[in-house]
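Before any comments, here is the structure.
The values are calculated or read from the model by the stated rules, or taken from the named source; none is laboratory data. As the structure is a prediction and not an experimental result, all values here were calculated from the model. Cβ coordinates were reconstructed from backbone atoms using ideal geometry, including for glycine residues, and neighbour counts include every protein chain displayed. What goes into the accessible areas is simple: the full protein's heavy atoms, side chains included, and nothing from ligands, DNA or RNA. Shrake-Rupley method; radii C 1.70, N 1.55, O 1.52, S 1.80 Å.
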Amino acid sequence: SLVVALVATEEEEEPLGPTSLEKVGVIARVLNRLNLPGGLVQATLQGVTRVHHESVRFEQGYYTAFPRLVEEVAIDEADAEKLIERIVTTLGGIGARVERLAEIPRILRRNTGDPGRFGDLVASLAHFSVPDKDEVLQRLKVEERLVYVAEVLEREWERLRSRRAEEQEDEQEP
């Protein structure tokens, strides 16, 4: 089976350099590939573990690096429960307004056994932006990861509530 190491990079317009790749990434297993027109390939990847890419070099047209396994810093169980409940509650509010996210809180409630994995799953299922997903990936302290996930969701919740309030004001104007 094919296994690759991945990192998220900055905007496509900026030149890619070795230092921008020396960060936490993920080793991923390629589950399937689909060849598309124009020579494009669509792949489904499954993250396996976090790694830090070190000593990145550009050689013979390819970047190479030495991956070093990294360990997450665990969170107190009671703190994890509070943060998970905060995240699920916020997602419940968002899901009530965004149909494509309506089922996510129910799915997440079944996957709370590993708080670090839970944070990663939320970032994936709640359609975080690539920079936000990368920020989640970079946070090895599980408590910081869950707090960040909660804050991203709460900003989205506030944005939705503000937009809803504006729509209601527009409806009431003669």
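Filtering segment 86-99 to residues that are farther than 16 Å from Leu146 by Cα, part of a helix (DSSP H, G or I) and either in contact (Cβ under 8 Å) with a residue 12 or more places away in the chain or among the aromatic types (Phe, Trp, Tyr) (or both) leaves Gly92, Gly93, Ile94, Arg97. For beta carbons closer than 6 Å, sequence separation of 6+ or different chains, a first residue in segment 104-125 that is touching a residue at least 40 places away in the same chain (Cβ under 8 Å) and a second that is open to solvent by less than 50 Å² (accessible area, probe 1.4 Å) and aliphatic (A, V, I, L, M), the qualifying pairs are Pro115/Ile75; Pro115/Ala80; Pro115/Val142; Gly116/Val142. Under 23 Å from Leu121 (Cβ atoms), open to solvent by 50 Å² or more (accessible area, probe 1.4 Å), in a helix (DSSP H, G or I) and touching a Leu at 6+ places or on another chain (Cβ under 7 Å) - does that describe any residue in segment 41-50? Within segment 41-50, not a single residue is under 23 Å from Leu121 (Cβ atoms), open to solvent by 50 Å² or more (accessible area, probe 1.4 Å), in a helix (DSSP H, G or I) and touching a Leu at 6+ places or on another chain (Cβ under 7 Å).
So that you can scan it fast, the table gives a plain yes or no per residue for (1) under 21 Å from Val24 (Cα atoms); (2) of a type in the set (Val, Ile, Thr):
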position	(1), (2)
Ile94	no, yes
Ala102	no, no
Asp114	yes, no
His127	yes, no
Leu137	yes, no
Glu143	yes, no
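Scanning segment 14-38 for residues that are open to solvent by less than 70 Å² (accessible area, probe 1.4 Å) and not aliphatic (A, V, I, L, M) yields Gly17, Pro18, Ser20, Lys23, Gly25. Here the condition is being in contact with an Asp or Glu (Cβ under 8 Å, 6 or more places away or on another chain) and more than 18 Å from Val136 (Cβ to Cβ); of Arg29, Arg50, Arg57, Arg68, it holds for Arg68 alone.
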